[in-house]
Amino acid sequence: MAQTELNVSQREGLGKGTARTLRREGLIPAVMYGKGVESCSLTVEPKKLSAIIGSEAGWNTLITLKGEGPFDGKVVILKDMQLDPIRQTVLHVDFQAIDLKQKAHVMVPVVAVGKSVGEKEGGNLQVIRHEIELVCLPTNIPAVLEVDVTALAIGDVLHVQDIALPAGVELPADVNYTVFTVGGRSAETEGEEAVEEVAEIEAGE
């Protein structure tokens, strides 16, 4: 699991006015909260946050906060991020403090590996879920789940329970939704339809 440190500062003022002032100064208002910890209002430098979000682990990076305040040394993950609807700049960030010894529910990206049999036959691989929910210790969170789709033929469906998970990682109970499927018509079906079409034409002559 990817881990990094992030220097932040404690934010004294609250409210929209303070937040706007911080943004004009090139800073991002943030908050840290979590079970058994003191909630803190913070400020973050956007470049440092962007570097974390842009890493392979992205939102699931374990971040150790550094600075003067009760947040110093706390391990957090990025829980929520508010964006400007037009500029797409970050307006506010939520950090959730986590216990490294307690399992957490996280969303992890899914990536298809290989070209499916169905695609080679003219079908299309359809990604139904780009992320799936996993349960594991924070130190076991995978950056991404790579799924081999080469065996999928046209009409096949790959469910979440078909995916091999890393050691120490599990699915929430009683879930088995579709992650990938291959759409299109097989060559055999197209051939049958062509024969039927010729038969109909000959019958009409």
Val111 versus (1) farther than 30 Å from Gly184 by Cβ; (2) touching a Leu at 6+ places or on another chain (Cβ under 8 Å); (3) free of Cβ contacts under 8 Å to residues at least 40 places away in the same chain: which is the lone unmet condition? (1)
Scan segment 89-101 and tell me whether some residue there is among the charged types (D, E, K, R), assigned to a loop (DSSP other than H, G, I, E, B) and within 20 Å of Leu62 (Cβ to Cβ). yes
Looking only at segment 169-184, and only at residues there that are touching a residue at least 60 places away in the same chain (Cβ under 8 Å) and part of a strand (DSSP E or B), the one that is farthest from Val149 (Cα to Cα): Gly183
Per the filter on segment 125-139, residues within 14 Å of Gly168 (Cβ to Cβ) and not in a loop (DSSP other than H, G, I, E, B) are Leu134, Val135, Cys136, Pro138, Thr139
Given the criteria more than 22 Å from Leu158 (Cβ to Cβ) and either assigned to a loop (DSSP other than H, G, I, E, B) or among the β-branched types (Val, Ile, Thr) (or both), does Gly122 qualify? no
Looking at Val90, Val37, Val44, which one is in contact with a helix residue (DSSP H, G or I) (Cβ under 7 Å, 6 or more places away or on another chain), hydrophobic (A, V, I, L, M, F, W, C) and over 25 Å from Leu165 (Cα atoms)? Val90
Starting from residues that are in contact (Cβ under 8 Å) with a residue 12 or more places away in the chain and under 19 Å from the mean Cα position of the chain (by Cα), keep the ones in segment 67-88 and report whichever is surrounded by the fewest Cβ atoms within 10 Å (Cβ to Cβ). Asp80
Which ones in segment 34-51 are crowded, with 18+ Cβ neighbours inside 10 Å and either assigned to a helix (DSSP H, G or I) or touching a His at 6+ places or on another chain (Cβ under 8 Å) (or both)? Leu49
Only one of these is assigned to a loop (DSSP other than H, G, I, E, B) and either in contact with a Pro (Cβ under 6 Å, 6 or more places away or on another chain) or not assigned by TED's automatic domain parsing to the domain that holds Lys74 (or both): Pro109, Pro142. Name it. Pro142
From (1) closer than 28 Å to Ala143 by Cβ; (2) touching a Ser or Thr at 6+ places or on another chain (Cβ under 7 Å), pick out the condition that doesn't hold for Gly36. (2)
Looking at (1) more than 20 Å from Gln3 (Cα to Cα); (2) at pLDDT below 95; (3) not assigned by TED's automatic domain parsing to the domain that holds Met32, find the lone condition where Val147 falls short. (2)
Quickly run through segment 22-33 and pick out the residues that are modelled with pLDDT under 90, out of contact with any His (no Cβ under 9 Å at 6 or more places or on another chain) and surrounded by 13 or more Cβ atoms within 10 Å (Cβ to Cβ). Leu22, Arg23, Leu27
If Ala57 passes every condition in (1) farther than 18 Å from Asn140 by Cα; (2) touching a residue at least 60 places away in the same chain (Cβ under 8 Å) but one, which one does it miss? (1)
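The values are calculated or read from the model by the stated rules, or taken from the named source; none is laboratory data. The model shown is predicted, which means the values in this text are computed figures rather than measured ones. Glycine gets a Cβ as well: all are built from the backbone with ideal geometry, and neighbour counts include every protein chain shown.
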